[in-house]
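Working notes for the structure below.
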């Protein structure tokens, strides 16, 4: 028997980065016009109101952020399911 709803889920946010220096009046004016949108991946804990437990920035990563986030969530869900079995809940 496995858990019907996994405790740890994966989500992402895609957008443009902007530079900000202290004293800038409008931080968004410092962004590069040639920049591409980046995607940051998160692993959320459903038991604590979707609190992020891991943030993976899509900027300059060798391993894709989505793969890392999904593998981490899978590992955490397996550990949680094992703990539930040990406690006698499953």
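Multiplying the residue separation of residue 55 and residue 83 by 0.36 nm and subtracting their alpha-carbon distance yields 7.7 nm.
Once the Cβ-Cβ distance of residue 16 and residue 66 is raised to the sixth power relative to R0 = 22 Å, the FRET efficiency obtained is 0.70.
Estimated from the Cβ-Cβ distance and a Förster radius of 25 angstrom, the FRET efficiency linking residue 74 and residue 39 is about 0.85.
May I ask you to order 44-53, 75-84 by the average number of other C-beta atoms within 10 Å around their residues, highest value first? Could the numbers behind the result be given before it?
On the way: 44-53: 12.2, 75-84: 14.3.
With the highest mean Cβ count within 10 Å placed first, the list reads 75-84, 44-53.
No value in this document is a laboratory result; all are computed from the given coordinates. In this text, all values refer to a predicted model and were calculated from it rather than measured experimentally. Glycine also receives a Cβ, built like all others from the backbone with ideal geometry; neighbour counts cover every protein chain displayed.
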